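The values are calculated or read from the model by the stated rules, or taken from the named source; none is laboratory data. Just so you know, these numbers come straight off a predicted model, no measurement behind them. Quick reminder, even Gly has a Cβ in these numbers, built from the backbone with ideal geometry, and neighbours come from all protein chains shown.
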Amino acid sequence: MDWMRQYGWRLAAAVSLILAVVSALEPRGFRRHARLRSQAEALAQRNTQLREENLRLAREVEALRSEPAAIERAAREELGFVKPGEIVIHLE
C-alpha cells in the first residue's frame, strides 16, 4: 500500500506539471488570462482619467452658470471677444 501512495503522489505531481505547461502554452489559458488582466487594468486606469475629466468639466460648467468672471474668461479665451476700447495685439 505504501508503494501505491508514493506512486499516487508522483502521478498527481506529473499530471499537475503537465497541466501547468499546457495552460502556459495554450492561447486560451494563462497567456489569455494575463492579457485580459492587463487590458482590465488599462481600462480601469482610463476610467479613472475620464472620471476626473468629467468632474473637471462639471466644475467648469457650474462656474460658467454662476460666475461672471468665468463667463468672461471663456468668452475671451475661447471666442476671442474683447471689451470695447481694448486693443488686441496678435504675436506669432
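Things to note:
- Any chance ARG51 is among the basic types (Lys, Arg), at pLDDT 95 or above and under 30 Å from PHE81 (Cα atoms): no
- Considering ALA58, ALA74, ALA69, ALA63, the condition of being small (Gly, Ala, Ser) and either closer than 30 Å to SER23 by Cα or in contact with a Leu (Cβ under 7 Å, 6 or more places away or on another chain) (or both) is satisfied by ALA74 alone.
- Filtered residues of region 12-33 (kept if in a helix (DSSP H, G or I) and surrounded by 11 or more Cβ atoms within 10 Å (Cβ to Cβ)): LEU19, ALA20, VAL21, VAL22, SER23, ALA24, PHE30, ARG31, ARG32, HIS33
- Pairing residues of region 37-64 that are under 21 Å from GLU77 (Cβ atoms) with residues that are exposed (fewer than 10 other Cβ atoms within 10 Å of the Cβ), at Cβ distances under 9 Å and at least 6 apart in sequence or on separate chains, gives ALA63/ALA69.
- Tally of residues being outside any helix (DSSP H, G or I) and surrounded by 11 or more Cβ atoms within 10 Å (Cβ to Cβ) across region 53-81: 2
- Only one of the numbered conditions (1) among the small types (Gly, Ala, Ser); (2) assigned to a loop (DSSP other than H, G, I, E, B); (3) under 29 Å from the mean Cα position of the chain (by Cα) is not met by GLY85, and that is (3).
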